[in-house]
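In what follows, a structure is listed as C-alpha cells, so that the remarks can point back to it.
We did not get these values from a lab; they are worked out from the coordinates using the rules stated. Only a predicted model underlies this, so the values are computations on that prediction, with no experimental measurement involved. Cβ: placed from backbone, ideal geometry, glycine included. Neighbour counts: every protein chain shown.
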C-alpha cells in the first residue's frame with residue numbers, strides 16, 4: 001500500500017536553473033533544493049511544467065532527476081514529472097526510458113492538443129495505471145492541454161485505477177474541485193495546482209498544493225498550507241495575504257519566467273534564463289516583481 005500521507009501539504013514544483021548558454025546550473029539547483037527542504041516543504045516535484053521538462057531531452061531529464069535524488073538523500077519524497085503527450089504510446093515510451101530509483105510517485109498531465117473525449121482521457125489513464133511501476137498523480141491543467149478532465153472522469157479514474165493516488169487540480173473551477181472532494185474515495189488525494197486560489201481549495205477540503213511560489217517562499221507557503229490542514233484558516237489567511245499580490249507578476253509572462261526572476265532576485269539561483277520559445281521576464285515586469293517582493297515581510 002502507498003502511503004498517500006507523504007504527498008499531503010506543500011510540494012514544490014522545482015524550476016530547472018540554466019546558465020546563459022542554456023546548460024543546467026547544478027550549483028543553483030542544489031541551492032534551491034536545500035532552500036526548499038530547510039523552508040519546510042513536504043516533498044519536491046522534479047521536472048514538471050515549472051521545471052521546463054518540455055524543452056529538455058531525455059538525458060538531461062535523467063541527469064536532473066539523478067542529481068535531485070542524490071541531493072535530497074531521502075529527506076523528503078520526490079515526485080517525477082513524466083510529461084504528457086497527445087499520444088498514450090509516447091508517454092509510455094518515455095516512462096520506460098527512465099531509471100526511477102529514489103522516486104516516490106509520478107505526475108502526468110492529461111493528453112493535449114488533440115482534445116480527447118472524457119472516455120479517451122479515462123482510457124489513457126487506465127493504460128498508464130496498468131503499466132506504471134510507481135503510483136501516479138494525474139494533472140488536470142486545461143489552460144495548457146485545452147482539454148479539461150471533468151469531475152465525473154476524475155472520480156471514475158479514482159475508483160477504477162488503483163495505482164492512481166490523486167490529482168493535481170489546476171482547472172481553477174471551484175465547483176469542479178468541490179465535487180471531486182465530496183465524492184472521492186478516502187484514499188484519493190486532491191491537490192491544488194493553482195497558487196492564487198489554493199486557500200479556497202483548502203477550505204473545501206483539499207489535501208495540499210503542488211506549488212510554484214513555494215520555490216521562492218517555501219517557509220511562508222508551507223506554514224499557510226499547514227495552518228489550513230490544522231483547521232486554522234485565520235492564521236492561513238495571514239500567510240496568504242503576504243503573497244497574494246505577488247502572484248500576478250509571477251505569471252504575467254508565463255511560467256516559469258516569473259518565478260525564475262523571483263529566485264534570482266532572492267539570490268537562490270544565479271540567472272533567470274529559460275529555454276526558447278520562452279524568454280526571460282522583461283525588465284519592466286522584473287522591476288514590478290522586485291517592488292512587490294520588497295513588501296513581503298516573511
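Stick to Cα atoms and the Kirkwood definition of Rh, then tell me Rg/Rh for segment 40-150. All intermediate terms of the calculation are to be shown ahead of the outcome.
On the way: Rg = 13.9 Å, Rh = 14.4 Å.
Value, to two decimals: 0.96.
Here each label is just a point 7 Å from Cα along the line to Cβ, and for residue 160 and residue 62 those points are 3.5 nm apart. Relative to the current alpha-carbon distance between residue 204 and residue 284, full extension at 0.36 nm per residue lengthens the span by 25.1 nm.
Looking at segment 4-243, what % of its DSSP beta bridges pair antiparallel, to the nearest 5?
Numbers: 1 of 29 bridges.
Roughly 5 percent of the beta bridges in segment 4-243 run antiparallel, per DSSP.
A Förster distance of 25 Å, applied to the separation of the beta-carbon atoms of residue 186 and residue 123, puts the FRET efficiency at 0.50.
Computed over the chain, the per-residue total of -39500 (n - 2.57) for DSSP H runs of n ≥ 4 gives a 222 nm mean residue ellipticity of -13000 deg cm²/dmol, rounded to 500. Size descriptors for segment 91-228: radius of gyration and Dmax over Cα atoms are 14.8, 41 Å. Computed from the alpha carbon positions, the gyration tensor of the chain leads to an equivalent ellipsoid with semi-axes of 27, 23, 18 Å, biggest first. Along each principal axis, taking the top coordinate minus the bottom one, the Cα set of segment 241-294 gives 33, 21, 17 Å in descending order.
Per the Kirkwood definition applied to all pairs of different Cα atoms, how many angstroms is the hydrodynamic radius of segment 154-222?
12.4 Å
Given all pairs of different Cα atoms, what value in angstroms does the Kirkwood hydrodynamic radius of segment 190-298 take?
Working: mean 1/r = 0.0699 Å⁻¹.
Kirkwood hydrodynamic radius for segment 190-298: 14.3 Å.
Using 1/(1 + (r/R0)^6) with R0 = 25 angstrom and r between the beta carbons of residue 54 and residue 244, what's the FRET efficiency to the nearest 0.05? So, using R0 = 25 Å, E works out to roughly 0.30.
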